[in-house]
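For reference, the structure is listed below as structure tokens.
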Amino acid sequence: MTFKPFHPRTLAAAALAAGALTLLTPAYAQQGPAAALNAQDRQFVLDASQVITTAQLAAELAGQKAESAEVRDLARSLVQDHGRANAELRQAAGAAGATLAQEQSFDQRHHLSHLASLPDTAFEREYVVHLLHDHSRAVAAYERQAQSGGNPALRAFAQQNLPVLRERLRLVQELAAERGVLDQNKLAPVQG
């Protein structure tokens, strides 16, 4: 049987496959033509891409250096979460016509270098403080983007990732409180 590119069954199968792909594609990738990016949208993409990449590198380091199985397990799950979030951000940014950051900021590179230089005994505490700080800031940034971002694809990305960020922040706060790193009354890192 020879292939007929415009055969009705071929067209019907192609339409069915396209419909299935649409159902499997995240909402932020289905926004249509890229809407103009405002300053908040551009800053969100820049910050989110830098933070996701830095957090993934820090989690990979924690998977190697953390002493407790609980922190190593959390770090492994964060590597997966950040890998997924980075792919989703890349897709949302592409739909929005935005470009991801090409490298971390000086402060982020410095902080990663500092974490890597710590002895294993001091690393875990510093890493938990790092997680508290970064997840608190990420939740605030994603809430702001979800509520008032100008680009629909980036707003949808932030809305879809907020529940995971909030849950991770809750887990990190519990972990920090168990280790005496978090003042439960203030939900702020204990100076030490």
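Given A66, A92, A85, A96, which one is of a type in the set (A, V, I, L, M), touching a residue at least 12 places away in the same chain (Cβ under 8 Å) and in contact with a Lys or Arg (Cβ under 7 Å, 6 or more places away or on another chain)?
A66
If you go through the range 135-176 one residue at a time, how many are under 19 Å from V45 (Cβ atoms) and surrounded by fewer than 20 Cβ atoms within 10 Å (Cβ to Cβ)?
Going through the range 135-176 one residue at a time, the tally reaches 15.
Being more than 14 Å from the chain's Cα centre (by Cα) and surrounded by fewer than 17 Cβ atoms within 10 Å (Cβ to Cβ) is the filter here; which residues of the range 77-111 pass it?
Of everything in the range 77-111, those that are more than 14 Å from the chain's Cα centre (by Cα) and surrounded by fewer than 17 Cβ atoms within 10 Å (Cβ to Cβ) turn out to be G94, G97, T99, Q102, E103, S105, F106, D107, R109, H110.
Can you name the residue in the range 132-150 that is hydrophobic (A, V, I, L, M, F, W, C) and touching a residue at least 60 places away in the same chain (Cβ under 8 Å) and, of all such residues, is farthest from R72 (Cα to Cα)?
Among those that are hydrophobic (A, V, I, L, M, F, W, C) and touching a residue at least 60 places away in the same chain (Cβ under 8 Å), it is A141.
Only the coordinates and a few stated rules stand behind these numbers; no lab work does. This one's a predicted model, so the numbers in the text were calculated from it and none came from an experiment. Ideal geometry is used to build each Cβ from the backbone, glycine not excepted, and the neighbour counts take in all protein chains shown.
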